[in-house]
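**Q** This is the structure I have questions about; it appears just below.
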Amino acid sequence: MPAKRDYYEVLGVEKGAEQAEIKRAYRKMAMQFHPDRNPDNPEAEERFKEAAEAFEVLSDQDKRRLYDQYGHEGPSRAGFSGFQGTDEIFSRFGDLFGDLFGNMGFGGGGGGGRRGGPQRGADIKVQLNISFAEAVKGVEKEITVPRRESCGDCSGTGAASGSEPAACPQCNGQGQVIHRQGFFVVQTTCPRCRGDGKLITDPCRTCSGTGVVPREATFTVNVPAGVDNGQTLRISGRGQPGVKGGPAGNLYVIIAVESDDRFIRDEFDVHSRVTIGVTQAILGCTVKIPCLEGEDIDLEIDAGAQPGDVILRRGKGIPVIGGRGHGDHHIHLEVEIPKKISHEQEEIIRELAESLGEEVKAPKRGLFDAFRKRRRS
């Protein structure tokens with residue numbers, strides 16, 4: 001029989017290594033040489049057992065002290081004589097292997113929790129359509145939501161009146177079943193009762209044994225002023241009801257804001273356009289414009305306004321959600337140039353151009369104008 005290797009050498013740590021370092025080294029080796037990762041590999045299984053034995057000694061202060069003083073014979077004074085098989089390793093290190101390999105039980109040890117207890121209800125998402133004006137000012141809306149509610153005939157148990165659920169025969173009411181897979185003893189949710197531990201032998205006819213029935217619930221939603229398209233409002237506890245006394249889920253209301261051709265939103269600022277004529281731009285004017293406050297208002301435009309000028313109405317934009325104040329209203333000026341004018345209008349404009357010293361194209365003369373000019377001469 002070959003001599004045992006030094007435990008520190010087995011784990012690849014120095015003799016003065018801290019416990020945290022020893023544990024990390026063992027976890028690494030256990031992952032590397034685990035039998036399920038190395039099927040039909042006796043050498044890997046031996047390395048696995050060797051690492052477990054080294055960790056058993058070096059992780060215990062008394063056994064480690066005896067090992068440091070007397071070598072491999074020392075730990076036997078504390079009652080340790082090595083491991084006889086892999087199953088023994090699993091039973092001794094169930095918690096550690098649970099950390100390494102997930103919700104698996106070793107030797108009947110703890111695995112995943114039961115699923116038959118209280119469970120939180122599912123969340124519900126709905127879309128609420130509102131107008132641009134409603135988004136600006138805020139609005140109170142009623143929405144109807146499809147939900148599941150506890151069945152009144154069976155009080156949510158799923159069992160018919162006068163009967164009670166029976167213990168599941170497959171898991172004996174535990175909600176978990178144990179399977180052996182190679183070296184593992186795996187604990188999983190019972191497939192028959194789905195972790196509940198009980199079976200309904202006489203289901204309620206109203207809810208078909210589910211304990212819940214479909215209902216439509218109507219809620220009032222307060223949409224705050226300034227809400228934007230795509231934003232979501234959360235209403236706690238208005239989702240699907242919980243299972244077995246668990247809390248209800250949440251209701252998420254996704255806001256869909258209809259567009260308004262008069263305005264373009266930029267966060268809490270708003271932009272609009274106003275078109276004026278040439279003479280209005282030159283001389284100034286008063287025009288009606290749409291605004292967020294309600295009815296159209298009069299806007300004073302100074303003489304000499306230029307195309308592309310922006311008139312700013314401070315604090316007349318969209319309310320800031322959860323804050324103070326409003327954004328601004330930006331009004332963009334457009335000057336409309338007439339494409340067709342009368343002969344008299346052209347003469348007036350030419351006189352204006354002449355008075356301003358501006359060169360313009362000569363007037364176009366048609367056949368009738370030429371004939372009239374010859375007759376005058």
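The values are calculated or read from the model by the stated rules, or taken from the named source; none is laboratory data. As the structure is a computational prediction, the values presented were derived from the model and not from experiment. FYI the Cβ positions are ideal-geometry reconstructions off the backbone, even for glycines, and counts take in every protein chain you see.
**Q** Among all residue pairs at least 6 apart or on different chains, which show Cβ distances below 7 Å where the first residue, located in the stretch 106-133, is aromatic (Phe, Trp, Tyr) and the second is surrounded by 15 or more Cβ atoms within 10 Å (Cβ to Cβ) and modelled with pLDDT of 70 or more?
**A** Sorted first by the residue in the stretch 106-133, then by its partner, the pairs are 132/257; 132/260; 132/263.
**Q** Tally time: how many residues in the stretch 2-18 are surrounded by fewer than 12 Cβ atoms within 10 Å (Cβ to Cβ) and not in a loop (DSSP other than H, G, I, E, B)?
**A** 1
**Q** Cβ contacts < 9 Å: first residue without any contact (Cβ under 8 Å) to a residue 24 or more places away in the chain, restricted to the stretch 208-228; second residue in a loop (DSSP other than H, G, I, E, B), any location; separation 6+ or different chain. Result?
**A** Qualifying pairs under 9 Å: 208/158.
Condition check ((1) closer than 21 Å to residue 125 by Cα; (2) charged (D, E, K, R); (3) in a strand (DSSP E or B)) across all residues:
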position: 179; (1), (2), (3): no, no, yes
position: 208; (1), (2), (3): no, no, no
position: 219; (1), (2), (3): yes, no, yes
position: 222; (1), (2), (3): yes, no, yes
position: 239; (1), (2), (3): yes, no, no
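**Q** I'd like to verify a number: residues in the stretch 263-275 that are in contact with a strand residue (DSSP E or B) (Cβ under 6 Å, 6 or more places away or on another chain) and either part of a loop (DSSP other than H, G, I, E, B) or of a type outside the set (Gly, Ala, Ser) (or both), how many? Talk me through it step by step, then tell me what you get.
**A** In the first step, residues of the stretch 263-275 are kept if they are in contact with a strand residue (DSSP E or B) (Cβ under 6 Å, 6 or more places away or on another chain); the result is 263-264, 270-275.
Then keep just the ones that are either part of a loop (DSSP other than H, G, I, E, B) or of a type outside the set (Gly, Ala, Ser) (or both); that gives 263-264, 270-271, 273-275.
The qualifying residues number 7.
**Q** Against the conditions (1) among the basic types (Lys, Arg); (2) in contact with a Ser or Thr (Cβ under 8 Å, 6 or more places away or on another chain); (3) exposed (fewer than 12 other Cβ atoms within 10 Å of the Cβ), where does residue 262 fall short? Just the number, please.
**A** (3)
**Q** Given 228, 260, 296, which one is closer than 30 Å to residue 307 by Cα and part of a loop (DSSP other than H, G, I, E, B)?
**A** Numbers: 228 fails: closer than 30 Å to residue 307 by Cα; 296 fails: part of a loop (DSSP other than H, G, I, E, B).
Selected residue: 260, the only one of 228, 260, 296 that is closer than 30 Å to residue 307 by Cα and part of a loop (DSSP other than H, G, I, E, B).
**Q** Scan the stretch 19-40 and report the pairs whose first residue is closer than 13 Å to residue 54 by Cα and whose second residue is among the small types (Gly, Ala, Ser) and part of a loop (DSSP other than H, G, I, E, B), with Cβ atoms within less than 7 Å and a gap of 6+ or a chain change.
**A** Correct list of pairs: 19/59; 22/59; 23/59; 25/12.
**Q** Residue 159 - would you say it is out of contact with any strand residue (DSSP E or B) (no Cβ under 6 Å at 6 or more places or on another chain), among the small types (Gly, Ala, Ser), assigned by TED's automatic domain parsing to the domain that holds residue 203 and under 11 Å from residue 209 (Cα atoms)?
**A** Values: out of contact with any strand residue (DSSP E or B) (no Cβ under 6 Å at 6 or more places or on another chain): yes; among the small types (Gly, Ala, Ser): yes; assigned by TED's automatic domain parsing to the domain that holds residue 203: yes; under 11 Å from residue 209 (Cα atoms): yes.
Yes.
**Q** Mind counting the residues in the stretch 189-223 that are surrounded by 15 or more Cβ atoms within 10 Å (Cβ to Cβ), modelled with pLDDT of 90 or more and not hydrophobic (A, V, I, L, M, F, W, C)?
**A** Within the stretch 189-223, residues that are surrounded by 15 or more Cβ atoms within 10 Å (Cβ to Cβ), modelled with pLDDT of 90 or more and not hydrophobic (A, V, I, L, M, F, W, C) number 0.
**Q** State whether the residues of the stretch 305-322 include one that is in contact (Cβ under 8 Å) with a residue 60 or more places away in the chain and over 19 Å from residue 138 (Cβ atoms).
**A** no
**Q** Mind listing whichever residues of the stretch 130-160 are hydrophobic (A, V, I, L, M, F, W, C), within 19 Å of residue 230 (Cα to Cα) and outside any strand (DSSP E or B)?
**A** 132, 133, 135, 136
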